[in-house]
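The structure appears below as structure tokens.
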Amino acid sequence: MASLLINGLLAPVLAISAPQSPEAAGESGAEPAQTSPADPDIQPLQKMTGRYYLRGVMETASGLELAEDGSFKWYLIVGALDIFSGGSWSLQDEQVTLIFDPPPEGARYDPVGTVIMSIDGENLVPSSDFGRGIFVKAKPPSDGK
């Protein structure tokens, strides 16, 4: 049942490709995110770090936090299904690539694999082939002054 929920609900929320092992993805754990070779300045990387929240998908809550060290945290809540995960991310060619850690043993959901999102201003947009929604970057809290 959980596999059906993941395939039926998660796929439309995020752009998911076939799950990849760290070896297949060329990753060996969380490494610092990389900018495009044409732009060695770290400013684009710093611009992308922060928290994002999914908008435009009814009855679904999802959030993403990109850290400067190349790691990320992510959650998805749909009905009674709650998934909390993380992994490593990179920035290249105006796209953010997320490589999810494998789920813990005994998890009631399938591995997520690799997710690629395009950058739209400060927001992240999953591939249109896989559904609707946009991850909107959260604004920093105001100090009340």
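The values are calculated or read from the model by the stated rules, or taken from the named source; none is laboratory data. Just so you know, these numbers come straight off a predicted model, no measurement behind them. Neighbour counts are summed over all protein chains in view; Cβ atoms, including those assigned to glycine, are modelled from backbone coordinates with ideal geometry.
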Within the set of pairs 6 or more residues apart or between chains, which connect a residue that is farther than 21 Å from LEU91 by Cβ inside segment 123-145 to a residue that is at pLDDT below 90 with Cβ atoms less than 6 Å apart? GLY131/PRO12; GLY131/VAL13
Could you give every pair whose Cβ atoms fall below 7 Å, whose first residue belongs to segment 64-86 and is over 24 Å from GLN43 (Cβ atoms), and whose second residue is among the aliphatic types (A, V, I, L, M) and surrounded by fewer than 16 Cβ atoms within 10 Å (Cβ to Cβ), counting only separations of at least 6 or pairs across chains? ILE77/ALA61; LEU81/ALA2
Output the residue which, of all residues in segment 34-54 that are over 16 Å from LEU124 (Cβ atoms) and out of contact with any strand residue (DSSP E or B) (no Cβ under 7 Å at 6 or more places or on another chain), is modelled with the highest pLDDT. GLN43
